[in-house]
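Undergrad: Here it is, the structure, as structure tokens.
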Amino acid sequence: MLRLMDEQYLKTPFYGSRRITVHLRQQGFSVNRQRVQRLMHQLGLQAIYPKPKLSQPHPEQNSKNKFGTSLGRFSRSMSLNEA
């Protein structure tokens, strides 16, 4: 069963314990999710999934204002009567 789990993980590393449990049950094994979780931990298998906030820039990388100083050349001081 460990060999089947390892083979399935190599084919689909995004499968977690629930999907591997379904796969093993389709192969004829009588397992529950807790057993699959324990065996995955023993084998060092962990599902690959997107971590939170991956699309946000690093705070040090983009510490300036979003527009930076580029707006300064387009803006000019206007008096009250100018439109």
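Undergrad: Answer yes or no as to whether Val36 is modelled with pLDDT of 65 or more, in contact with a Leu (Cβ under 8 Å, 6 or more places away or on another chain) and at negative phi.
TA: So Val36 fits the description; yes.
Undergrad: If the Cβ limit is 8 Å and pairs must be 6+ apart or interchain, which residue in the range 7-22 that is closer than 17 Å to Arg38 by Cβ pairs with which residue that is surrounded by 12 or more Cβ atoms within 10 Å (Cβ to Cβ) and of a type in the set (D, E, K, R)?
TA: Ser17/Arg33; Arg18/Arg33; Thr21/Arg33
Undergrad: On the given criteria, is Val31 over 27 Å from the mean Cα position of the chain (by Cα), at pLDDT 95 or above and surrounded by 10 or more Cβ atoms within 10 Å (Cβ to Cβ)?
TA: So Val31 fits the description; yes.
Undergrad: Let me ask something else. Residues of the range 1-26 being under 20 Å from the mean Cα position of the chain (by Cα) and not in a helix (DSSP H, G or I), which ones?
TA: Those that are under 20 Å from the mean Cα position of the chain (by Cα) and not in a helix (DSSP H, G or I): Thr12, Pro13, Phe14, Tyr15, Gly16.
The values are calculated or read from the model by the stated rules, or taken from the named source; none is laboratory data. As the structure is a computational prediction, the values presented were derived from the model and not from experiment. Here Cβ is always computed from backbone atoms with ideal geometry, including for glycine, and neighbour counts include all displayed protein chains.
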